[in-house]
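First the structure, in the form of structure tokens, and then the observations on it.
The values are calculated or read from the model by the stated rules, or taken from the named source; none is laboratory data. Keep in mind that this is a model prediction, so the values were computed, not measured. When we count neighbours, we look across all protein chains shown, and the Cβ atoms used for this are built from the backbone with ideal geometry, even at glycine. Accessible surface areas use protein heavy atoms only, side chains included; no ligands, DNA or RNA. Shrake-Rupley method; radii C 1.70, N 1.55, O 1.52, S 1.80 Å.
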Amino acid sequence: VPRYNINVRNDNRDLRIKFMLNDISEDEFKKKIQQREKARQRKPDIRQVVEMLTAVLTDLFQTFIAHHEQATCPGCLVGNFSAELAESSPACREALDTAMRHWHQRLTALIEAAQQAGEVRRDLPAKALSAFFWNAWQGALLRMKVTHNAKPLKECLRLMLDHFFQPTVAARLA
């Protein structure tokens, strides 16, 4: 999970000015201060959840990579079946599509949580990011089978998590 150098100073200057200019009442001032404080306190909790989800996702894909480095028949079971059976069996194609949609939905939910916490770019919908990641991963699996090494998987994971999913600088500061 990326770490950002965010200015944590929270002096509520805008509210203090409004209060001093009598633009807001004392009760409204107190209420807004409390709301901001609650939101500020929730951020670390959200960050912890996102860090945990990102760690789980990274560990999962690192486990996949380690498995593929040692496997005698590397590749994704669903992807392998898709390549061999999808055209010849409508029932298999439907089952494989269902399996892929479930993975896609789970990954989309993780990305949505990370977007809400500001840890993943927001300029693209989570569903699009999930589809792109899944498609890139499947392509990397295919390249791994051709090259007989896990380098395409490592590159895919590194580029996705360290670069492609990263929020823009402006989004980090928002």
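Were the residues from Glu51 through Ala86 laid out at 0.36 nm apart, the gain over their Cα-Cα distance would be 8.9 nm. In this structure the amide hydrogen of Val120, modeled in the peptide plane, comes within under 5 Å of the amide hydrogens of Gln115, none closer than 5 places in sequence on its chain.
For the range 83-151, the relative contact order comes to 21 percent (Cα pairs under 8 Å, sequence separation of at least 6). In the full protein context, the range 95-165 carries 55 Å² of accessible surface per residue, based on a 1.4 Å probe and ignoring ligands, DNA and RNA. Packing around the peptides 154-167, 24-37, taken as the average count of other Cβ atoms within 10 Å per residue, puts them in this order, highest first: 154-167, 24-37. Taking square-rooted eigenvalues a ≥ b ≥ c of the alpha carbon gyration tensor, is the range 89-142 rounded, prolate or oblate, where a/c under 1.5 means rounded and, failing that, a/b exceeding b/c means prolate? Because a/c hits 1.5 or more and a/b exceeds b/c, the range 89-142 counts as prolate.
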